[in-house]
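Below is one structure; the comments refer to it alone.
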Amino acid sequence: MSEKKSAMSAVRAACPGNAGAAAAGAVRILPVRAGAVWGAEALSEADAAALSAWLRKHEFKGEAGDTAWPQGMSSPVLLAGVGASGAFDAARWLRGWAAAGKALADAKADAGRVEGSVFDRLPDGAPSREALARLMAEGLGMGAYRFAKLRSGEGAAAIAVACTGGDFEEPAVRRAVERGALAADTVNEMRDAANLPANRFGPAELADFARKLAASAPGLSCKVYDEKALRREKAGALLAVGQGSDRTPCLVRLEYKPAKAAKGARPVALVGKAILFDAGGICLKPAKGMEWMQYDKCGGMAVLAAVVLAARLKLPRPVVAWVPAAENLPGGGAQRPGDIVTARNGKTVEVLNTDAEGRLILSDALDFAAEEKPAAIVDVATLTGAVVVALGHEASGVMGSDDALLAALDAASAACGERIWRFPMWEEYAKPLKGTFGDLRNMGAPGAAGTIAAGMFLKQFVPDGIPWAHLDIAGTAWNESAVAWGAAGATLAGARLLAAWLEAGEEN
Ligand code: BES
Ligand code: MN
Ligand code: ZN
C-alpha cells in the first residue's frame with residue numbers, strides 16, 4: 001500500500017507579534033451568522049464596500065454549511081455560514097467551519113487565515129472563546145480531509161490556516177486552537193484507516209494498526225487476543241461470527257494510562273464493534289449497498305481514536321478500549337440461523353439472524369470489559385439499520401442504564417457538536433429477546449424498535465452496578481457521498497464525543 005498521506009490541514013495559532021505570518025495570498029475566512037458577517041470590521045474600506053455590494057446582490061443568511069466566495073475583494077475571502085438563526089448550536093458552528101475547510105481544499109487553496117475579531121459578536125448561549133476556537137480548529141481540519149491514499153496522482157494537499165490577532169493573542173485561546181488542530185489531525189489519521197476497504201484491512205491488519213497506534217504516544221499499550229486466545233477465553237459469540245471467514249477474528253485491547261492519573265482513578269472502558277466486512281453471513285444482505293459494509297468497523301475505529309485522543313491530549317482519566325474484530329461472511333464454516341452459541345459470560349444465544357452479528361461480538365467484548373470492573377462502559381457500534389429510520393444521519397442513537405452517565409454524554413455532545421438522541425430502555429423491550437431453547441435470541445420482533453432491541457440485548461452482558469451506555473452510529477459513521485462539510489467516507493462519529501466526555505473528567 002502506498003505510504004502517501006491524505007489531505008490534512010494544519011491549523012495553527014500564530015504567535016503574538018507574528019500576525020503577518022499568514023501567507024500573502026491566504027484566503028481570509030469570515031463566519032456569517034443570522035445574516036451578519038463577523039470580523040468584517042477588519043476589512044479595508046474598499047473591501048468592506050465590495051462585500052456589502054456582493055451581499056446586497058446575493059442572499060447569504062449564514063445557514064450552517066453554506067459557503068461563498070464574494071467577488072470584487074482585493075484578496076480572496078471565503079464566507080462560511082455558522083447558523084442562520086436561533087440560539088447558538090455547537091453542531092452548526094462546527095459544521096460551518098468544516099464547510100470552510102472543505103471549500104478551501106476543493107478550491108485547492110493552500111493557505112487560509114482567521115482573525116481574532118471573528119469572536120467579536122458572540123451569539124446568545126455561545127460558550128467561551130476557547131471552546132469556540134477549539135471547535136473552529138476541529139471543523140477546519142476535519143472539513144479539509146479527503147481519502148486520497150489509494151488514488152494515484154493525488155498528492156497531500158496540506159492547508160495551513162493561521163489564526164491571528166485579537167482573541168488569538170490570548171494564550172488560552174491559542175492553546176485551544178492547537179488542541180483542536182491536534183484532535184482534527186488524529187481523527188483524520190484514523191479516517192485514513194477506517195476508509196480502507198475490506199480487501200486491504202481485515203482483523204489482522206486492524207490488530208497491527210492498533211499496535212502501531214500504541215507506539216504513537218506515551219501511556220498507550222496494546223494487547224491482542226488471537227483466535228487461539230479467544231478459544232481459551234471461551235468467547236463463543238465472537239468466534240461464531242468470525243467462523244464464516246478465512247480471516248480469523250481477534251480482540252484488541254488498547255489502554256491509556258495517564259502519566260499523572262488521579263489517585264485511585266478507575267479506568268473507563270470503551271467497547272467498539274469492528275466488523276471488517278458485514279455481508280450478513282448466511283442471512284446474506286442484498287447486493288445493493290453492500291459495499292458500504294466495510295464501514296461496519298467504525299465503532300471500533302472510533303473507540304481506538306478516542307483512546308489515542310486521550311493520550312495525545314494528555315487527558316487525566318485512564319481508559320481502555322476493547323475492539324472485537326471479525327468478518328461476517330457466508331463461508332462453508334459459517335454459523336447458521338438456528339445455531340445456539342455460548343457467549344463468554346455463559347449465556348446461550350439462539351442465532352435467529354446471522355446478520356445481527358454486531359450484538360454477538362459486542363456481548364463477549366462487554367464481558368471482557370466488565371471483568372476489569374471499570375468506572376463505566378460505553379460501547380459504540382454501527383448496529384442497526386433501524387437507527388437510520390429513526391434519526392437519519394443527523395444524530396447517533398444513545399441508550400443506557402445510568403442517568404448520570406447519559407447526562408454526562410449529553411454535556412459532551414453539546415460541547416463537541418456531535419449530536420446524540422436518547423431511546424428508552426423499558427424492560428418490556430427485552431421480552432421479545434427471550435429464547436425458545438436458549439437463554440436469549442439475537443433479534444426481537446422484525447420491524448419493531450430494532451435499535452432498542454439491539455440495545456436491550458447488549459444490556460444482558462453488562463453486570464448491574466457498572467454504569468453503561470450504548471451509541472448506535474449506523475446513521476452517522478460515514479457519508480455515502482461528500483456533503484458540504486465533509487468528504488465521502490468515514491466520519492469517525494463517536495471519537496470526539498468520547499474524548500469530550502473523558503476530557504470533562506466527571507466521575508461518570
Ligand atoms: N451492520 C448492520 C447495521 C447497519 C445497517 C449499519 C445499515 C449501517 C447501515 C448490522 O449488523 C445489521 O445487519 N443489523 C440488522 C439487524 C437485524 C437483522 C435484526 C439490521 O439492522 O437490519
Ligand atoms: Mn449485520
Ligand atoms: Zn453489522
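Collect residues whose amide H, placed 1.01 Å from N in the peptide plane, falls under 5 Å from the amide H of residue 420; neighbours closer than 5 in sequence don't count.
Answer set, sorted by chain and number: 396.
Using the Karplus curve 6.51 cos²θ - 1.76 cosθ + 1.60 with θ = phi - 60°, what ³J(HN,Hα) values do you get for each residue of the range 168-175, in whole Hz, with x for Gly and Pro?
Using θ = phi - 60°, the values come out as 5, 6, 6, x, 5, 6, 4, 5 Hz.
Considering the Cα trace of the range 195-504, what is its radius of gyration and what is Dmax, both in angstroms?
17.7, 53
Long-range amide H contacts for residue 144: which residues qualify at under 5 Å (H placed 1.01 Å from N, peptide plane, sequence gap of 5 or more or a different chain)?
For residue 144, whose amide H was placed from the backbone, the distant partners under 5 Å are 102.
In what sequence, highest mean first, do 190-198, 403-411, 51-59, 301-309 appear when ranked by Cβ atoms within 10 angstrom? Before the final figure, lay out each step's value.
Values: 190-198: 22.3, 403-411: 16.9, 51-59: 13.3, 301-309: 29.8.
Packing order, densest peptide first, comes out as 301-309, 190-198, 403-411, 51-59.
Go through the range 98-107 residue by residue and turn each phi into a ³J(HN,Hα) via Karplus (6.51, -1.76, 1.60, θ = phi - 60°); whole Hz please, and just put x for glycine and proline.
Taking θ as phi minus 60°, the curve returns 5, 5, 5, x, 5, 4, 4, 5, 5, 7 Hz for the range 98-107.
Tell me, what is the 1.4 Å probe accessible area of residue 200, in Å² to the nearest 10?
Its accessible surface works out to 100 Å², give or take rounding.
Holding the Cα-Cα limit at 25 Å, pick out from 257/373; 223/434; 61/102; 373/459 the pairs that are longer than that. Before the final figure, lay out the partial values.
Working: 257/373 16 Å; 223/434 34 Å; 61/102 19 Å; 373/459 16 Å.
Beyond 25 Å between Cα atoms: 223/434.
Length gain on complete extension for the stretch residue 411 to residue 464, per 0.36 nm per residue less the alpha carbon to alpha carbon distance?
Working: separation 53, 0.36 × 53 = 19.08 nm, distance 2.40 nm.
Extending this stretch completely gives an extra 16.7 nm.
Just how far, in whole angstrom, is the range 111-159 from the range 331-355 if you go by their alpha carbon centroids?
Taking the Cα centre of the range 111-159 as reference, the centre of the range 331-355 is 45 Å away.
Percent relative contact order of the chain, based on C-alpha pairs within less than 8 angstrom and at least six residues apart?
Dividing the mean separation by the residue count of the chain yields 16 percent.
Students often check this: by mean Cβ neighbours within 10 Å, which of 204-211, 317-324 ranks highest, and how do the rest follow? Display every interim value, and only then the final one.
Numbers: 204-211: 19.1, 317-324: 26.6.
Descending packing order for the listed peptides: 317-324, 204-211.
Kindly write out, for the range 181-197 in residue order, the coupling ³J(HN,Hα) from the Karplus curve 6.51 cos²θ - 1.76 cosθ + 1.60 (θ = phi - 60°), rounded to whole Hz, with x marking Gly and Pro.
5, 5, 4, 4, 5, 5, 4, 5, 4, 6, 5, 4, 7, 4, 7, 5, x
If DNA, RNA and ligands are ignored and the probe is 1.4 Å, what is the ranking of 416, 222 by accessible area, most exposed first? Intermediate values should be presented prior to the final figure.
Numbers: 416 10, 222 45 Å².
These residues rank, largest area first, as 222, 416.
Indicate, rounded to the nearest 5 percent, the antiparallel portion of the DSSP beta bridges found entirely in the range 195-504.
Details: 24 of 46 bridges.
Around 50 percent antiparallel, to the nearest 5.
Could you list which residues have their amide H under 5 Å from that of residue 78, counting only those 5 or more apart in sequence or on another chain, with H placed in the peptide plane?
Counting only residues 5 or more places away or on other chains, the set is 28, 29, 30.
Cα to Cα, under 20 Å, and not fewer than 8 places away if on the same chain: which lysines meet these conditions relative to residue 288?
Excluding near neighbours in sequence, the set is 297.
Among 482, 248, 25, pick out the residue whose Cα is farthest towards the positive end of the charge dipole of the chain, where Lys and Arg carry +1 and Asp and Glu carry -1 on C-beta, about the Cα centre.
248
If you build the convex hull over the alpha carbons only and average its shadow over all orientations, what do you get for the range 8-185? Give it in nm² to one decimal. Numbers along the way, then the final one.
Values: hull surface 39.4 nm².
The Cα convex hull of the range 8-185, projected and averaged over all directions, gives 9.8 nm².
Putting +1 on Lys and Arg Cβ atoms and -1 on Asp and Glu Cβ atoms, find which of 128, 144, 112 reaches farthest to the positive end of the dipole of the range 111-168.
Among 128, 144, 112, the one farthest towards the positive end of the dipole of the range 111-168 is 144.
Quick check: net charge around residue 36, other residues with Cβ under 12 Å of its Cβ, Lys/Arg +1 and Asp/Glu -1? Mind showing how you got there, number by number?
Working: positive: 33, 61, 121; negative: 41, 120.
Charge balance in the 12 Å sphere: +1.
The values are calculated or read from the model by the stated rules, or taken from the named source; none is laboratory data. Not measured: the values here are computed from a predicted model. A quick note on method: Cβ atoms are made from the backbone with ideal geometry, for glycine too, and the neighbour counts reach across all protein chains shown. SASA here: full protein model, heavy atoms, side chains in, ligands and nucleic acids out. Shrake-Rupley method; radii C 1.70, N 1.55, O 1.52, S 1.80 Å.
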